[in-house]
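To keep things clear, I will list the structure first and then write my remarks on it.
No value in this document is a laboratory result; all are computed from the given coordinates. These numbers were taken from a predicted model, which means no experiment stands behind them. Neighbour counts are summed over all protein chains in view; Cβ atoms, including those assigned to glycine, are modelled from backbone coordinates with ideal geometry.
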Amino acid sequence: MKHLFLLLLSVFGLGSPDTETVDLEIVVTNIKTQKGSIELGVFNKPKSFLKKGKEYKVYSQKVSSDTVIFHLKDYKKNDYAISIYHDINSDNECNLNFLGIPVEPYGFSRNFKPKLSKPSFNDCKIDAFEDKSVNIALIH
């Protein structure tokens, strides 16, 4: 009986809104070098934002043109922040100078451009409560 009730809820769209998902399209532009890969990290918690190994999900795509598109499917409706970098030398890390500033192109959702420090989750937060396309232009 319990299974029948759950089936009826899902058939008539009466299920919990927490189970609904969205698809995100991330369009990375301003790619000047057609080698290496674009590395993308999706974060869903402010405390873990920009911490290596603490991403919600990670993606990688080889660069073959001046634009790379990621299709992120079945994400729970939520707020997310995205960071990307162009791993030109294919060493699997975002290379930094002695001040901690990336020497490889990078970018953030909302095209946030940091001034004197790393951005916060809220600086880059996008609300994903419906299917959406997000454009991120690399910073060189």
Long-range amide H partners of Glu104, meaning residues 5 or more apart or on another chain whose placed amide H is closer than 5 Å, are Asn95
Loop-resident sites, the range 36-140, for chymotrypsin sites (Phe, Trp or Tyr not before Pro), counting at most 13 other Cβ within 10 Å (DSSP) = Phe98, Phe129
May I ask you to list the aspartates and glutamates whose Cα is less than 15 Å away from that of Lys54, ignoring any residue fewer than eight positions away on the same chain?
-> Glu39, Glu93
On a C-alpha basis, how far is the centre of the range 25-78 from the centre of the range 95-122 in Å? Whole number, if you could?
-> 14
Filtered trypsin sites (Lys or Arg not before Pro), the range 29-124: DSSP coil and at most 16 other beta carbons within 10 Å | Lys32, Lys35, Lys51, Lys52, Lys54, Lys77, Lys115
Contour minus Cα-Cα distance for Asn95 and Asp131 (0.36 nm per residue) | 9.7 nm
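Rule-of-thumb check for the chain: C-alpha Rg over 2.2 N^0.38 Å?
1.23
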Exposure proxy check: Glu55, Glu20 ranked by fewest other beta carbons within 10 Å?
-> Glu20, Glu55
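In percent, what relative contact order does the chain have, based on Cα pairs under 8 Å that are 6 or more apart in sequence?
It comes to 31 percent, rounded to a whole number.
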